[in-house]
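To start, the structure under review is shown below, and the notes come after it.
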Amino acid sequence: MSGDGAADNDAGGRGRRLRSLFSLHGRIGPRRYLALGAALMALKFALDAAVVHALFVKPWQPWFYLLPLRWSDTYPVELPWQHLVFAAISLPFVWIGVALTVRRLRDARVATWHVIWFVLPLVNLILFGVLSLLPGKDEMDQTRASLGHDADEWLGHLGAERRRLAVIGWFTSIGVTLGLVSLATVLHLYGTGLFVAAPWLQGFVLGVFLCAPGPRSAWSVARAALTAELCVCGLLLALGIEGVACVIMAAPLVVPMGVLGALTARLLLRDRWDLPARLARQISALAILVGPALLLGENVMAPEPSTYAVTTRLVVHAPPEQVWQHVVAFPELPPPREFLFRAGIAWPQSAHIDGDGKGAVRHCTFNTGSFVEPIEVWDPPRLLKFGVIESPQPMIEWNPLWPRLDAAHLHGFFAARSGQFELVPLADGTTQLEGTTWYSHGLWPESYWRLWSDLLVHTIHRRVLEHVRALSEGRR
């Protein structure tokens, strides 16, 4: 009987421990959270690998956890019962992960609403790492008790409390920014809210958490904001959301805005040192709500994109009649050497025309596709003007971590409206060749992104015009 009773007690203990995994009540320390989390990750990977092998006879790759929506390209889940199998495996782990994270947040004295980051790929791994390092309530209480009242006051203002709020601020600001980027990507909102407001809010939220416990120098706040912005850029590359070229183009705008946001928070709090942590979180939460509101509001009120003209000129040592034939159509260009093209910007390869005169259709082929250009003005050898009814994507995103990257903002946000070649005869028998493109883009602030788009269009013009000049002068 005693043996049966012991067995029942052991079984009951195991049952209680198992049920506690699903409980949202109570607290859990960092070491136990780390151990349970690592064990559950290993178990989940083993189950997924076994199911994927059984269904598709393919190996399961762990990096698919970073982008769960993309692994369906490799493992085509089509039948309803297959979806049910994966859901049945995933839901218990999601519930346990949420429950453990809520209890760990409570133990670390962090607002439990931060559990929402648990559902974001990659961000949940960062959350897991941060929570595994943050001290628990018991550890903080023991430390304060051992130091005494005076040391506790110093520790609260300049020690553990400052570090705790700094960690929370870092994670919250980066998580909010990634959330806004995800929202903008899904809704195709690439405007001021994304490129100006989101980085400013990231810096502001981080600045509030950094400056709430006590004074910090402007340099330390700016440095923290700069590092946080660079972390976001790295995460965008790691998640396959952006390529290197787009990150480089956005950085001169978003990085200073992040630093400005952090310095703004420091300025607002300079006469309010020792701001209670709860009030700091409330201020940050209010700022966080502004981001989605700006994105959605801007989408409703956004005007039609402006149309810009870019003209590039060079002199060809040949008469207009000789230049004209190479403007209308030209053979394949040699591989590009320009850095922008090697970084992923689409580059022209060749051009041919179907028909002759007004109404003919010219096709200018790029490495990403072809521009389809119906001729509107045919005035040889002076002017060739055409519309644009089809355009390929303006670039191929290059990302060293993702061999194939298809960013949403590459589709429909740069639109060539029309173009022309004008040949002006000069007194010395040469020709001034002018190429003009009228285009628009759906990125705001327009004035900033125009700097980049004008540069790219000029670079494309230069490649075509140099090729026409070489053909006209007999050098190719």
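The values are calculated or read from the model by the stated rules, or taken from the named source; none is laboratory data. No experiment lies behind these values; they were computed from the predicted model shown. Methodologically, a virtual Cβ is constructed for each residue, glycine included, from the backbone with ideal geometry; neighbour enumeration extends over all protein chains shown.
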Condition (residue is under 23 Å from Leu443 (Cβ atoms), aliphatic (A, V, I, L, M) and either in contact with an Asp or Glu (Cβ under 9 Å, 6 or more places away or on another chain) or modelled with pLDDT of 95 or more (or both)) applied to the stretch 379-392: is it met by at least one residue? yes
So, in the stretch 426-436, exactly how many residues are in contact (Cβ under 8 Å) with a residue 24 or more places away in the chain, out of contact with any Lys or Arg (no Cβ under 8 Å at 6 or more places or on another chain) and not small (Gly, Ala, Ser)? 4
Which residues, taken from the stretch 419-462, are modelled with pLDDT of 90 or more, small (Gly, Ala, Ser) and within 31 Å of the chain's Cα centre (by Cα)? Ser440, Ser453
Would you say Val259 is modelled with pLDDT of 70 or more, among the β-branched types (Val, Ile, Thr) and farther than 16 Å from Glu229 by Cβ? no
The stretch 90-104, residues that are β-branched (Val, Ile, Thr) and within 21 Å of Asp48 (Cα to Cα): Val94, Ile96, Val98
With the structure loaded, tell me whether Thr307 is surrounded by fewer than 14 Cβ atoms within 10 Å (Cβ to Cβ), under 25 Å from Glu446 (Cα atoms) and at pLDDT 90 or above or whether it fails that test. yes
Given the criteria touching a residue at least 40 places away in the same chain (Cβ under 8 Å), in contact with an Asp or Glu (Cβ under 9 Å, 6 or more places away or on another chain) and not β-branched (Val, Ile, Thr), does Gln420 qualify? yes
Output for the stretch 28-40, where each listed residue is surrounded by 14 or more Cβ atoms within 10 Å (Cβ to Cβ) and in a helix (DSSP H, G or I): Pro30, Arg32, Tyr33, Leu34, Leu36, Gly37, Leu40
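For the stretch 323-349, which residues satisfy the criterion of being more than 30 Å from Pro445 (Cβ to Cβ), buried (at least 16 other Cβ atoms within 10 Å of the Cβ) and in contact with a strand residue (DSSP E or B) (Cβ under 8 Å, 6 or more places away or on another chain)? Break it down stepwise before answering.
As a first pass, look at the stretch 323-349 and keep what is more than 30 Å from Pro445 (Cβ to Cβ): 323-335, 337, 349.
Next cut, buried (at least 16 other Cβ atoms within 10 Å of the Cβ) only: 323-324, 326-328, 330, 333, 349.
Within the stretch 323-349, Val323, Trp324, Val327, Val328, Phe330, Leu333, Gln349 qualify.
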The one condition in (1) over 19 Å from Phe128 (Cα atoms); (2) modelled with pLDDT under 75; (3) assigned to a helix (DSSP H, G or I) that Trp63 fails to fulfil: (1)
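Mind checking which residues of the stretch 344-377 are among the aliphatic types (A, V, I, L, M) and closer than 17 Å to His461 by Cβ? It would help to see each step written out before you state the result.
To start, the set of residues in the stretch 344-377 that are among the aliphatic types (A, V, I, L, M) comprises 345-346, 351, 353, 360-361, 372, 375, 377.
Within the stretch 344-377, Ile345, Ala346, Ala351 qualify.
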Anything in the stretch 418-451 that is farther than 18 Å from Ala250 by Cα, surrounded by 18 or more Cβ atoms within 10 Å (Cβ to Cβ) and touching a helix residue (DSSP H, G or I) at 6+ places or on another chain (Cβ under 7 Å)? List them, or say none. Phe421, Leu423, Thr431, Leu433, Gly435, Thr437, Tyr439
Quick one: His25 ticks every box in (1) at pLDDT 70 or above; (2) loosely packed, with under 11 Cβ neighbours inside 10 Å; (3) part of a helix (DSSP H, G or I) except a single one, so which number is it? (3)
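Only one of Thr227, Thr264 is modelled with pLDDT under 90, part of a helix (DSSP H, G or I), of a type in the set (Val, Ile, Thr) and surrounded by fewer than 24 Cβ atoms within 10 Å (Cβ to Cβ). Can you tell me which?
Values: Thr227 fails: modelled with pLDDT under 90.
None of the others qualify; the one that does is Thr264.
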For the stretch 398-417, give me each residue that is at pLDDT 80 or above, closer than 25 Å to Val310 by Cα and surrounded by 18 or more Cβ atoms within 10 Å (Cβ to Cβ). Phe414, Ala416
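Name the residue, out of Val205, Val244, Val196, that is at pLDDT below 90, surrounded by 23 or more Cβ atoms within 10 Å (Cβ to Cβ) and assigned by TED's automatic domain parsing to the domain that holds Leu269. Break it down stepwise before answering.
On the way: Val244 fails: surrounded by 23 or more Cβ atoms within 10 Å (Cβ to Cβ); Val196 fails: surrounded by 23 or more Cβ atoms within 10 Å (Cβ to Cβ).
It is Val205.
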